[in-house]
Every structure is written in structure tokens, then in C-alpha cells.
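Visitor: Below you'll find the structure I mean.
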Amino acid sequence: MSRGEGVNDEQTSISQPTSITDLQPKMQLEGTVRRIELYGALVDIGLQQDGLIHISQLSEGRVNRVSDVVQVGDRVTVWVTDVDPDRGRIALTMIEPPEVEWRNLAEGQTYVGHVVRIERYGVFVDIGAKRPGLLHTREMGGQFFRHPSELFREGDEVEVRILSLDRRKKRIDLTMEGPTDTAMEEGDREELPTPVELAFRKAQEETRRHKKRRIALEEKRQRAEQEDILTRTLQLHSH
């Protein structure tokens, strides 16, 4: 999957680290569960120090007991989350880290992602972040359709741009529209009228229409009177 501009979070892996100083965050390793504790599992990754998988890092779902997920002797794939060489501590996870970290996401970035879910109101696109982003129907390039399934299938590749981010709710809104003209001054942009302004404009338009109608009727009446006067005048002269 292609990622956004300026993002560089490739997961790293080496065949076999020889020292704790070789470890880096997101490095993928293979190890063997050596011991199980209430708080997690200790994993032999071929170094002098074992790595710790905290119980919260065994699975994305809730884990009640470590033994529900791993047993002593199991071979596991893990990723490094944190390293403290001075204290000899290695933190691991069995949850594959996202390709793109939240801290590196920004509005305006362009990604090539894949459709992972289709709903009536839009499609969800995996751009490599922890959660897929929502491409709402109104952001699909102005195409006419009754349901997003007419345009997309799960697995389809689609180029999108980040429209907005809600870091607190971990929500990503996407668009297929091009970026707005950032050089345009805010005051030059046409703002959408409020409901009150729309009602006022409608009332003004109705007033103008009524006024035009009254003027047209008055002109018609005056023309009729003039024609009547002219007709009677001609009749008098004919006698």
C-alpha cells in the first residue's frame, strides 16, 4: 500500500539481533515463550535479555488470562515497542503495529488505500493507520449513484486525501476531491448562507415578484383605459 506524503514509518526487521542495542521500535522478531506470569509473557528472542509481552499486548481484544493466548514453548511473532538498554528492558507486542502512526497523519495527505467495508453512507478505506478512514458518499467526486456498492467492491484500490482528523475519537474523514485553493483568501471564499439568511433572501425575492406583478397589472390597466379613451374619441369624431 502506498502511503502519504512525507510519512516514513516502515516496519523494520533483521534476521537476528546480536545485542539489545540492535533493537528498534517496530522491529519484527521471532521468539519462544519462556515463562508466563499474571501480567504477561516473557519471550526468548535470542538475546541475553528476555522481552516482555504485557497482557494488554497479547491481542487486540480483551485477554483475561495470559494462558488463554500463549503457552510456554510457543513460537510467536512479536514486534518491539520500547527498548531501555540501560535497564536491560525490552517491551514487545503481538499486535502488528500500524504502517502509519497517528502522530504522522495530517490533513491534506494523499494515500492509496483499499476498501474494507461498504455502508449506505460511504465506504471505509484502509490507508495503513490503526483504523480505516471513512469516505462519505458526498466526498466521492460528485458521481451519481444510489448506493456506494455501485462504485466500489471490498478490496478495491482507491486514492484518497485526508479531509479531517479527530485524534480524540481516532476518526479519519477522507475525500476523493482535490485540495482546495489554499492561496485563496478566506474573505474571497463564498460562505454558505445560514437558514435565517436563506429565509430573508426568499422573503425579499417574494416581495420583488409581488411588486413586479403589481406594476405589470397597473400598466395593463392603464393601457386598457387609454385604449378605451381612444376608442370613444374616435367614435365621437365619426359622428
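Visitor: Residue check, Val112 against (1) surrounded by fewer than 16 Cβ atoms within 10 Å (Cβ to Cβ); (2) modelled with pLDDT of 90 or more; (3) farther than 11 Å from Val158 by Cβ, all met but one. Which one?
Guide: So the condition that Val112 fails would be (3).
Visitor: Can you pull out the residues in the range 137-171 that are surrounded by 11 or more Cβ atoms within 10 Å (Cβ to Cβ) and of a type in the set (S, T, N, Q)?
Guide: Thr137, Ser149, Ser164
Visitor: If you don't mind, there's one more thing I want to ask. Among the listed residues Val123, Val70, Val83, Val160, identify the single one that is in the same structural domain as His54 (by TED's automatic domain parsing), touching a Ser or Thr at 6+ places or on another chain (Cβ under 9 Å), at negative phi and of a type in the set (A, V, I, L, M). Spell out how you get there, then give the answer.
Guide: On the way: Val123 fails: in the same structural domain as His54 (by TED's automatic domain parsing); Val70 fails: touching a Ser or Thr at 6+ places or on another chain (Cβ under 9 Å); Val160 fails: in the same structural domain as His54 (by TED's automatic domain parsing).
None of the other options fit; the residue is Val83.
Visitor: Please count how many residues of the range 100-131 are more than 21 Å from His147 (Cβ to Cβ), touching a residue at least 12 places away in the same chain (Cβ under 8 Å) and not in a loop (DSSP other than H, G, I, E, B). Before the answer, list the steps.
Guide: Of all residues in the range 100-131, those more than 21 Å from His147 (Cβ to Cβ) come to 100-112, 127-131.
So of that shortlist, the ones also touching a residue at least 12 places away in the same chain (Cβ under 8 Å) come out as 100-102, 104-112, 127-131.
After this cut, where a residue has to be not in a loop (DSSP other than H, G, I, E, B) as well, the list is 102, 104, 110-112.
Residues in the range 100-131 being more than 21 Å from His147 (Cβ to Cβ), touching a residue at least 12 places away in the same chain (Cβ under 8 Å) and not in a loop (DSSP other than H, G, I, E, B): 5 in total.
Visitor: While we're on this one: Give Arg167, Arg146, Arg153 a once-over and let me know the one that is at pLDDT 90 or above and basic (Lys, Arg).
Guide: On the way: Arg167 fails: at pLDDT 90 or above; Arg146 fails: at pLDDT 90 or above.
So the residue among Arg167, Arg146, Arg153 that is at pLDDT 90 or above and basic (Lys, Arg) is Arg153.
Visitor: Across the range 132-167, what is the total count of residues that are among the small types (Gly, Ala, Ser) and assigned to a loop (DSSP other than H, G, I, E, B)?
Guide: First, pick out the residues of the range 132-167 that are among the small types (Gly, Ala, Ser): 133, 141-142, 149, 155, 164.
Narrowing the set further to residues that are assigned to a loop (DSSP other than H, G, I, E, B) leaves 141-142, 155.
So the count comes out to 3.
Visitor: A further question follows. Output the residue which, of all residues in the range 64-87 that are assigned to a strand (DSSP E or B) and among the acidic types (Asp, Glu), is surrounded by the fewest Cβ atoms within 10 Å (Cβ to Cβ). Can you show your working first?
Guide: From the range 64-87, those assigned to a strand (DSSP E or B) are 75-84; that's our starting set.
Next, only the ones that are among the acidic types (Asp, Glu) stay: 82, 84.
Working: Asp82: 13, Asp84: 11.
Looking at residues that are assigned to a strand (DSSP E or B) and among the acidic types (Asp, Glu), I get Asp84.
Visitor: Please go through (1) surrounded by fewer than 18 Cβ atoms within 10 Å (Cβ to Cβ); (2) farther than 30 Å from Gly178 by Cβ for Ile53 and return the number of the only condition it doesn't satisfy.
Guide: (1)
The values are calculated or read from the model by the stated rules, or taken from the named source; none is laboratory data. Every value quoted in this text rests on a predicted model; they were computed, and no experiment measured them. Every residue, glycine as well, gets a Cβ built from its backbone with ideal geometry; the counts of neighbours run over all protein chains shown.
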